[in-house]
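This report refers to the structure that appears directly beneath it.
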(Lines give C-alpha, C1' and ligand atoms only; values in the text may rest on other atoms or scores of the structure.)
Protein backbone atom coordinates (compact mmCIF):
# COMPACT_ATOMS: atom_id res chain seq x y z
CA UNK A 1 0.00 0.00 0.00
CA UNK A 2 2.94 2.34 0.61
CA UNK A 3 3.58 3.68 -2.87
CA UNK A 4 6.33 6.06 -3.91
CA UNK A 5 7.19 7.61 -7.24
CA UNK A 6 9.41 10.35 -8.57
CA UNK A 7 7.59 11.04 -11.82
CA UNK A 8 6.48 14.61 -12.39
CA UNK A 9 2.89 15.77 -12.14
CA UNK A 10 1.32 18.74 -13.85
CA UNK A 11 1.00 21.87 -11.76
CA UNK A 12 -2.00 24.10 -12.51
CA UNK A 13 -1.79 27.73 -11.44
CA UNK A 14 -4.32 28.78 -8.84
CA UNK A 15 -3.83 31.41 -6.17
CA UNK A 16 -7.33 31.50 -4.72
CA UNK A 17 -6.38 30.59 -1.18
CA UNK A 18 -7.64 32.78 1.67
CA UNK A 19 -5.93 32.50 5.04
CA UNK A 20 -8.11 32.59 8.15
CA UNK A 21 -5.75 32.65 11.09
CA UNK A 22 -6.55 31.86 14.71
CA UNK A 23 -3.49 32.75 16.78
CA UNK A 24 -2.64 31.48 20.21
CA UNK A 25 0.25 32.48 22.46
CA UNK A 26 1.89 29.47 24.08
CA UNK A 27 4.19 29.59 27.07
CA UNK A 28 7.25 27.43 26.48
CA UNK A 29 6.91 25.94 29.94
CA UNK A 30 3.11 25.85 30.17
CA UNK A 31 0.89 22.93 29.29
CA UNK A 32 -1.49 24.82 27.01
CA UNK A 33 -1.86 28.02 24.97
CA UNK A 34 -3.11 30.69 27.34
CA UNK A 35 -5.00 33.25 25.28
CA UNK A 36 -6.48 34.03 21.91
CA UNK A 37 -4.32 36.78 20.45
CA UNK A 38 -6.26 37.51 17.28
CA UNK A 39 -8.68 35.96 14.85
CA UNK A 40 -9.90 36.89 11.40
CA UNK A 41 -13.44 38.18 10.99
CA UNK A 42 -14.40 35.06 9.07
CA UNK A 43 -14.78 31.93 11.24
CA UNK A 44 -12.75 28.81 10.43
CA UNK A 45 -14.50 25.94 8.63
CA UNK A 46 -16.52 23.59 10.83
CA UNK A 47 -14.59 20.59 9.49
CA UNK A 48 -10.86 20.89 10.22
CA UNK A 49 -8.76 21.24 7.11
CA UNK A 50 -11.53 21.95 4.61
CA UNK A 51 -11.12 25.71 4.84
CA UNK A 52 -8.08 27.99 4.90
CA UNK A 53 -5.05 27.13 7.01
CA UNK A 54 -5.03 27.94 10.71
CA UNK A 55 -1.85 28.69 12.64
CA UNK A 56 -0.88 28.46 16.31
CA UNK A 57 1.58 30.88 17.91
CA UNK A 58 4.45 29.13 19.72
CA UNK A 59 6.57 31.24 22.06
CA UNK A 60 10.35 31.08 22.50
CA UNK A 61 11.77 28.70 25.08
CA UNK A 62 14.11 25.77 25.72
CA UNK A 63 13.62 22.02 25.60
CA UNK A 64 15.56 18.75 25.49
CA UNK A 65 15.74 17.44 21.93
CA UNK A 66 16.35 13.80 21.08
CA UNK A 67 15.97 10.57 23.05
CA UNK A 68 13.13 11.06 25.51
CA UNK A 69 13.28 10.66 29.24
CA UNK A 70 12.61 7.00 30.12
CA UNK A 71 12.81 5.75 26.52
CA UNK A 72 15.12 2.72 26.50
CA UNK A 73 14.71 1.99 22.79
CA UNK A 74 16.17 5.06 21.12
CA UNK A 75 17.96 4.63 17.82
CA UNK A 76 21.39 6.25 17.22
CA UNK A 77 19.72 9.00 15.15
CA UNK A 78 17.85 10.14 18.28
CA UNK A 79 21.06 10.59 20.29
CA UNK A 80 22.58 12.28 22.12
CA UNK A 81 19.79 14.16 23.84
CA UNK A 82 20.71 17.84 24.14
CA UNK A 83 19.18 21.11 25.24
CA UNK A 84 17.97 23.46 22.50
CA UNK A 85 17.17 27.14 22.91
CA UNK A 86 14.51 28.61 20.60
CA UNK A 87 14.99 32.39 20.69
CA UNK A 88 12.22 33.46 18.34
CA UNK A 89 8.55 32.56 18.48
CA UNK A 90 6.88 31.22 15.37
CA UNK A 91 3.48 30.26 13.99
CA UNK A 92 2.94 26.67 12.90
CA UNK A 93 0.01 24.98 11.22
CA UNK A 94 -2.63 23.70 13.60
CA UNK A 95 -3.18 20.78 11.21
CA UNK A 96 -1.22 19.06 8.47
CA UNK A 97 -1.82 20.69 5.09
CA UNK A 98 -4.89 19.07 3.55
CA UNK A 99 -5.75 18.13 0.01
CA UNK A 100 -8.26 20.99 -0.22
CA UNK A 101 -5.60 23.49 0.85
CA UNK A 102 -3.00 22.06 -1.54
CA UNK A 103 -5.43 22.16 -4.47
CA UNK A 104 -6.45 25.74 -3.73
CA UNK A 105 -2.81 26.77 -4.25
CA UNK A 106 -1.48 24.27 -6.78
CA UNK A 107 -4.63 23.44 -8.75
CA UNK A 108 -4.12 19.68 -8.48
CA UNK A 109 -4.38 16.86 -5.96
CA UNK A 110 -1.58 14.30 -6.19
CA UNK A 111 -2.72 12.25 -3.17
CA UNK A 112 -3.29 8.50 -3.33
CA UNK A 113 -5.96 8.52 -0.61
CA UNK A 114 -8.58 11.05 -1.72
CA UNK A 115 -10.53 13.40 0.56
CA UNK A 116 -10.63 17.17 0.95
CA UNK A 117 -9.88 16.98 4.69
CA UNK A 118 -7.26 14.25 4.42
CA UNK A 119 -3.60 15.30 4.63
CA UNK A 120 -2.04 15.80 1.22
CA UNK A 121 0.55 13.12 0.42
CA UNK A 122 2.51 12.00 -2.64
CA UNK A 123 4.34 15.33 -2.40
CA UNK A 124 8.13 15.48 -2.43
CA UNK A 125 10.22 18.04 -0.54
CA UNK A 126 10.77 19.75 -3.90
CA UNK A 127 7.02 19.83 -4.57
CA UNK A 128 6.47 21.47 -1.18
CA UNK A 129 8.97 24.19 -2.09
CA UNK A 130 6.84 25.04 -5.13
CA UNK A 131 3.76 25.25 -2.88
CA UNK A 132 5.60 27.59 -0.52
CA UNK A 133 6.82 29.76 -3.39
CA UNK A 134 3.24 30.24 -4.56
CA UNK A 135 2.09 31.02 -1.03
CA UNK A 136 4.84 33.61 -0.69
CA UNK A 137 3.92 35.14 -4.05
CA UNK A 138 0.71 36.43 -2.40
CA UNK A 139 2.84 38.87 -0.38
CA UNK A 140 0.28 38.85 2.43
CA UNK A 141 2.77 40.08 5.03
CA UNK A 142 4.11 36.63 5.92
CA UNK A 143 6.80 34.29 4.68
CA UNK A 144 5.81 30.63 4.53
CA UNK A 145 8.31 27.82 5.00
CA UNK A 146 8.79 24.40 6.53
CA UNK A 147 9.69 24.17 10.23
CA UNK A 148 13.24 23.36 11.15
CA UNK A 149 13.87 19.98 12.74
CA UNK A 150 14.23 21.66 16.15
CA UNK A 151 11.12 23.83 15.76
CA UNK A 152 9.10 20.76 14.83
CA UNK A 153 10.15 18.78 17.90
CA UNK A 154 9.75 21.77 20.21
CA UNK A 155 6.19 22.29 18.96
CA UNK A 156 5.38 18.56 19.08
CA UNK A 157 6.58 18.10 22.64
CA UNK A 158 4.64 21.14 23.88
CA UNK A 159 6.46 21.16 27.20
CA UNK A 160 6.42 17.38 27.73
CA UNK A 161 9.44 15.10 28.20
CA UNK A 162 8.13 11.64 27.22
CA UNK A 163 8.27 9.83 23.89
CA UNK A 164 4.63 10.74 23.21
CA UNK A 165 2.94 14.01 24.20
CA UNK A 166 0.12 12.10 25.92
CA UNK A 167 -0.20 8.88 27.92
CA UNK A 168 -2.08 7.05 25.14
CA UNK A 169 -0.75 6.90 21.57
CA UNK A 170 -4.15 5.73 20.31
CA UNK A 171 -5.73 8.94 21.61
CA UNK A 172 -3.40 11.22 19.63
CA UNK A 173 -2.20 9.36 16.53
CA UNK A 174 -3.17 7.27 13.52
CA UNK A 175 -0.49 4.57 13.22
CA UNK A 176 -0.31 0.99 11.96
CA UNK A 177 -2.34 -0.50 14.84
CA UNK A 178 -5.40 1.73 14.33
CA UNK A 179 -5.17 3.36 10.89
CA UNK A 180 -6.70 0.63 8.75
CA UNK A 181 -3.76 1.11 6.38
CA UNK A 182 -4.73 4.60 5.23
CA UNK A 183 -4.72 8.29 6.15
CA UNK A 184 -7.56 9.92 8.10
CA UNK A 185 -9.11 13.40 8.24
CA UNK A 186 -6.93 15.87 10.12
CA UNK A 187 -7.87 17.03 13.59
CA UNK A 188 -9.88 13.99 14.71
CA UNK A 189 -7.43 12.85 17.40
CA UNK A 190 -6.58 14.75 20.59
CA UNK A 191 -4.23 17.74 20.13
CA UNK A 192 -1.09 18.25 22.13
CA UNK A 193 -0.97 20.76 24.98
CA UNK A 194 -0.30 23.64 22.58
CA UNK A 195 -3.28 22.88 20.35
CA UNK A 196 -1.52 21.07 17.48
CA UNK A 197 -3.13 18.01 15.90
CA UNK A 198 -1.57 14.92 14.31
CA UNK A 199 2.00 15.77 15.25
CA UNK A 200 2.36 12.01 15.53
CA UNK A 201 0.91 9.61 12.98
CA UNK A 202 -1.32 10.11 9.94
CA UNK A 203 1.53 11.28 7.66
CA UNK A 204 5.19 11.94 8.32
CA UNK A 205 6.04 15.60 7.87
CA UNK A 206 8.83 17.16 5.84
CA UNK A 207 11.02 19.63 7.70
CA UNK A 208 13.60 22.05 6.34
CA UNK A 209 16.79 20.33 7.46
CA UNK A 210 19.08 18.11 5.45
CA UNK A 211 19.35 14.75 7.18
CA UNK A 212 22.76 14.41 8.82
CA UNK A 213 22.49 11.31 11.01
CA UNK A 214 23.05 11.28 14.79
CA UNK A 215 23.33 14.61 16.56
CA UNK A 216 26.85 15.99 16.70
CA UNK A 217 27.02 16.85 20.40
CA UNK A 218 25.20 16.83 23.74
CA UNK A 219 26.05 20.52 24.23
CA UNK A 220 23.30 23.14 24.26
CA UNK A 221 22.58 24.75 20.88
CA UNK A 222 20.60 27.83 19.88
CA UNK A 223 18.16 27.90 16.95
CA UNK A 224 19.82 24.99 15.08
CA UNK A 225 19.28 25.00 11.32
CA UNK A 226 20.86 21.65 10.49
CA UNK A 227 23.69 21.03 8.08
CA UNK A 228 24.04 23.79 5.44
CA UNK A 229 24.83 21.15 2.79
CA UNK A 230 23.62 17.60 2.10
CA UNK A 231 25.98 14.88 3.34
CA UNK A 232 25.83 13.11 0.00
CA UNK A 233 28.48 10.51 0.79
CA UNK A 234 26.51 9.34 3.84
CA UNK A 235 22.85 10.11 3.25
CA UNK A 236 22.54 11.29 -0.36
CA UNK A 237 20.17 14.19 -1.05
CA UNK A 238 17.85 13.34 1.85
CA UNK A 239 15.79 15.74 3.92
CA UNK A 240 14.43 14.93 7.36
CA UNK A 241 10.87 13.73 7.99
CA UNK A 242 9.18 13.68 11.38
CA UNK A 243 6.33 12.23 13.39
CA UNK A 244 5.60 8.75 12.07
CA UNK A 245 2.56 7.90 9.94
CA UNK A 246 -0.38 5.59 9.36
CA UNK A 247 2.20 3.05 8.22
CA UNK A 248 4.61 3.10 11.17
CA UNK A 249 4.47 1.17 14.44
CA UNK A 250 4.33 2.60 17.95
CA UNK A 251 8.12 2.44 18.24
CA UNK A 252 8.60 4.92 15.40
CA UNK A 253 5.57 7.14 16.00
CA UNK A 254 7.22 9.23 18.69
CA UNK A 255 8.40 12.82 19.04
CA UNK A 256 12.14 12.09 18.94
CA UNK A 257 12.26 9.82 15.90
CA UNK A 258 13.87 11.20 12.72
CA UNK A 259 13.48 9.69 9.28
CA UNK A 260 14.97 10.74 5.96
CA UNK A 261 13.68 10.71 2.39
CA UNK A 262 15.21 11.80 -0.93
CA UNK A 263 14.12 15.35 -1.83
CA UNK A 264 12.47 14.23 -5.07
CA UNK A 265 10.67 11.20 -3.70
CA UNK A 266 6.93 11.01 -3.10
CA UNK A 267 4.99 8.61 -0.92
CA UNK A 268 1.57 7.91 0.51
CA UNK A 269 2.85 8.36 4.07
CA UNK A 270 4.61 11.74 3.75
CA UNK A 271 3.03 15.21 3.91
CA UNK A 272 3.81 18.48 5.72
CA UNK A 273 2.63 21.46 7.74
CA UNK A 274 3.69 25.09 7.32
CA UNK A 275 5.41 27.62 9.48
CA UNK A 276 4.89 31.32 8.80
CA UNK A 277 6.72 34.40 10.03
CA UNK A 278 5.82 38.04 9.65
CA UNK A 279 7.78 39.97 7.07
CA UNK A 280 9.15 43.17 8.57
CA UNK A 281 8.71 46.27 6.41
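The values are calculated or read from the model by the stated rules, or taken from the named source; none is laboratory data. Note that this is a predicted model, so its numbers are computed, not measured. Virtual Cβ from ideal backbone geometry, glycine too; neighbours counted across all protein chains shown.
Numbers below:
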item	result
Test: residue 243 is in contact (Cβ under 8 Å) with a residue 12 or more places away in the chain and closer than 15 Å to residue 256 by Cβ	yes
Residue tally, condition surrounded by fewer than 20 Cβ atoms within 10 Å (Cβ to Cβ) and outside any loop (DSSP other than H, G, I, E, B), over the stretch 113-127	1
Residues that are under 18 Å from residue 127 (Cα atoms) and part of a loop (DSSP other than H, G, I, E, B), drawn from the stretch 264-281	264, 265, 268, 269, 272, 273, 274
Residue in the stretch 172-187 that is in contact (Cβ under 8 Å) with a residue 12 or more places away in the chain, farther than 20 Å from residue 261 by Cβ and touching a strand residue (DSSP E or B) at 6+ places or on another chain (Cβ under 7 Å) present	yes
Qualifying residue in the stretch 156-173 (condition: in a helix (DSSP H, G or I), at pLDDT 95 or above and surrounded by fewer than 18 Cβ atoms within 10 Å (Cβ to Cβ))	yes
Condition check for residue 88: surrounded by 17 or more Cβ atoms within 10 Å (Cβ to Cβ), closer than 22 Å to residue 152 by Cβ and at pLDDT 50 or above	no
Within the stretch 65-79, tally of residues that are buried (at least 18 other Cβ atoms within 10 Å of the Cβ) and either assigned to a strand (DSSP E or B) or free of Cβ contacts under 8 Å to residues at least 60 places away in the same chain (or both)	1
Filter result for residue 210 (within 20 Å of the chain's Cα centre (by Cα), surrounded by 18 or more Cβ atoms within 10 Å (Cβ to Cβ), at pLDDT 95 or above and more than 24 Å from residue 51 (Cα to Cα))	yes
Meets criteria (over 21 Å from residue 130 (Cα atoms) and crowded, with 16+ Cβ neighbours inside 10 Å) for residue 231	no
Among (1) in contact with a helix residue (DSSP H, G or I) (Cβ under 8 Å, 6 or more places away or on another chain); (2) farther than 21 Å from residue 47 by Cβ, the one test that residue 168 misses	(1)
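One line per residue, one yes/no per condition, for (1) at pLDDT below 95; (2) over 22 Å from residue 280 (Cβ atoms); (3) surrounded by fewer than 23 Cβ atoms within 10 Å (Cβ to Cβ):
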site	(1), (2), (3)
83	no, yes, yes
98	no, yes, no
103	no, yes, yes
111	no, yes, yes
130	no, yes, yes
136	no, no, yes
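A quick yes/no check of all residues on (1) touching a helix residue (DSSP H, G or I) at 6+ places or on another chain (Cβ under 7 Å); (2) modelled with pLDDT under 95; (3) on the phi > 0 side of the Ramachandran plot:
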| residue | (1), (2), (3) |
| --- | --- |
| 13 | no, yes, no |
| 16 | yes, yes, no |
| 25 | no, yes, no |
| 30 | no, yes, no |
| 42 | no, yes, no |
| 68 | no, no, no |
| 73 | no, yes, no |
